[in-house]
Structure formats: structure tokens, C-alpha cells
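The values are calculated or read from the model by the stated rules, or taken from the named source; none is laboratory data. Everything quoted here is computed from the prediction, not taken from an experiment. We place every Cβ from the backbone using ideal geometry, glycine too, and count neighbours over all the protein chains shown. The accessibility values were calculated without ligands, DNA or RNA, using every heavy atom of the protein model including side chains. Shrake-Rupley method; radii C 1.70, N 1.55, O 1.52, S 1.80 Å.
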Amino acid sequence: MPIMNSDHNNHWLNRMWEIFCPFLLFFGLYIVVFNLLASLYRAIAGGLGEEYLAGLSDHAETVTSLVSGLSMLIAVLPLLPMLRRELREHKQAVYGIGTTADNKSVTEKRAESGKYGITVGQTVLTIVLAAASSLGLNVLLALTGIVESSASYQDVARQQYSVMFGAGMILFGMISPITEEIVFRGLIFNRMRRYFPHAAAVIASGVLFGIYHGNPVQGLYGGCMGILMAYLYERMHSFAIPCLFHATANLMVYSIAQSAALHRLLFTVPGCAALLTGSVVCVVIIEKTRFPE
């Protein structure tokens, strides 16, 4: 039986560490910062008296979510230098490296000409696909009964939808998408695509994103959405695209959950079919579109 040598083992261990290090650093810092901020909050609130504490208890989910959002922002800060490096290397790998007559790299020339910007078409496709796929998958999971079968998801959903609307829009529409995209698409996916076929990196990074959510329902939903976000990044080569997709998807799901009328309209078999059909149409258009390079 052949035996794998230690150099090969070390090589793969180094790759795995390089890929997963950003997540471990982010998650570890998040836990530490969250507990510190929560302890500080409890100490301050305790000093304000019982009446103040009673008032805050009515908004416990909102306070917890805001503390969580602030913790995510703080925890992601050490990852920003890594992100800048990964985004630069992604551009160089996609567009190539060379120099022009005035000694500016081809990458710099294209950046100056605006070819790295997001076009109106890319923006529209991203928003429509995010809205249709996020709502379509949510409706599908609800209609199949998977949502009701998961007690862990029900607890998470109850907490999320109890957050005050304004705070929820900031947390789910800005903080969560940006920090999670830095970790999963900006760092993990970009590092995976250096060592694996790009299609494998798209799927694997999406699956990891699903696992990160910690319960079966969000795991299935997050895995599908993670694959879509990595796919869009791979097709359009702009980190702003998965960020826009993630923010749009979060806001659509969160907003629809606040409207009973829209909920009744969309959470039907025809509504599900229309949303998923729209998603497929968007993907077909994206596949047939040659994006500027």
C-alpha cells in the first residue's frame, strides 16, 4: 500500500490552514468581542436601575442583534489587509499581468478605464436574481414543510424577526452581508480557487457557508445562496457583486416577513414557481452574457 510522504501531508495541511484561517480568526474574535460587549452592556444597564432594565427586556432581541453586529464589524477588521491582497490577486489572475508603454500594468490600465466597475446590467441582474432566488427558496422550503420540521430554525427565525425594523435593515442589509462576504467570498473562495478547479471552489465555498449557519434549514438555504454568490463573483469578477446579492437577498426576505399581505401572495405554489423560474431565467442570461474584461 502506498504511503503518503510527510512533505505532501504538510503541503495539504498548509493549504487547508490558509483557506480556513480567516474564518477561524473571525469567528474566534467574534465570540470574544461579543462576550466582552455583552458583559459591558449588562454592567452599564445594571447601574441604570430596575426600571431601565425592564424597558430594555422588551427589546432584548434587538439589543442582542446590535451587539452581534458590532462584534462582527470589530472581528472582521484584522481580515481587511488579507482581503485587499486577495482581491488584488484575483484581478491579476483574471485579467493578467503585463506592462504598457508608459510602464503601467495592464491591471492598472483597466482599473483606470473603468472596466472593473459594475455595469447597470450587472447590477440589475444581480438584484433580480437575489430577490427571486432568496424568496423562491424560502417559499419552497416552507411549502415542503422543511421549515416547520426544524425547531432550531424556528428559534433563530423568531429572534431575527423580533428585531426592530430599522435595526434589522442595518444588521441584515449591511453589516451581516459585508462581513460574511469578506470571510466567505473575499477570502475563503478566493483562496480555494487558487488550489482547486473553479467550479469545485464555487460549490465547496457555498457548502461551507451553509454549514456556518448552524441549522438544517438555513444550512440548505445558505448553501444554495452561497453557491450562487460565488458563481456570480466568478462570472463577473467584482467583489461588489456578491455583496450586493447578499444584501438584496437578506433585505427581501426580512421585509417580506414583515408584510402579511405579501407573505400570503408569494407563499403559494404559483408564487414559488414564478420566483424560481425568474431565477433560472436570470442564470441563463448571465451564462449567455459576455461581461467586460
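For the chain, the direction-averaged projected area of the alpha-carbon convex hull comes to 21.2 nm².
Each part gets one Cα centre, and for the stretch 216-293 versus the stretch 198-212 those centres are 16 Å apart. Normalised per residue, the accessible area of the chain is 52 Å², obtained with a 1.4 Å probe and no contribution from ligands, DNA or RNA. The alpha carbons of the stretch 245-293 give a radius of gyration and a Dmax of 14.0, 44 Å, in that order.
Ligands, DNA and RNA left out, the accessible area of the chain computed with a 1.4 Å probe is 68% carbon and sulfur. Simple rule: put +1 on each Lys or Arg Cβ and -1 on each Asp or Glu Cβ in the chain, find the dipole, and look at ASN250, ALA45, VAL163; the Cα lying farthest toward the positive end is ASN250.
Under the shape rule built on the C-alpha gyration tensor, where the axes satisfy a ≥ b ≥ c, the stretch 199-250 is oblate, since a/c reaches at least 1.5 while a/b does not exceed b/c. Each of ALA257 and ARG84 was given a label point 7 Å from its Cα along the Cα-to-Cβ line. The distance between the two points is 3.6 nm. Listed by number, the DSSP H helices of the chain that run 20 Å or longer by alpha-carbon position along their axis and have mean Kyte hydropathy of at least -1.0 are 6-46, 60-76, 80-95, 120-143, 198-212, 216-236, 240-257, 269-288. With each run of n ≥ 4 DSSP H residues scored as -39500 (n - 2.57), what mean residue ellipticity at 222 nm is computed for the chain after dividing by its residue count and rounding to the nearest 500 deg cm²/dmol? Computed mean residue ellipticity for the chain: -25000 deg cm²/dmol. From most to least packed by mean Cβ count within 10 Å, the peptides 73-80, 28-35 give 73-80, 28-35. When the convex hull of its Cα atoms is viewed from all sides, the stretch 135-230 shows a mean projected area of 6.3 nm². Assuming a ≥ b ≥ c are the square roots of the Cα gyration tensor eigenvalues, decide whether the stretch 140-293 counts as rounded (a/c under 1.5), prolate (otherwise, with a/b larger than b/c) or oblate. In terms of gyration-tensor shape, prolate. Normalised by the number of residues in the chain, the mean separation of alpha-carbon contacts (under 8 Å, six or more apart) gives a relative contact order of 25 percent.
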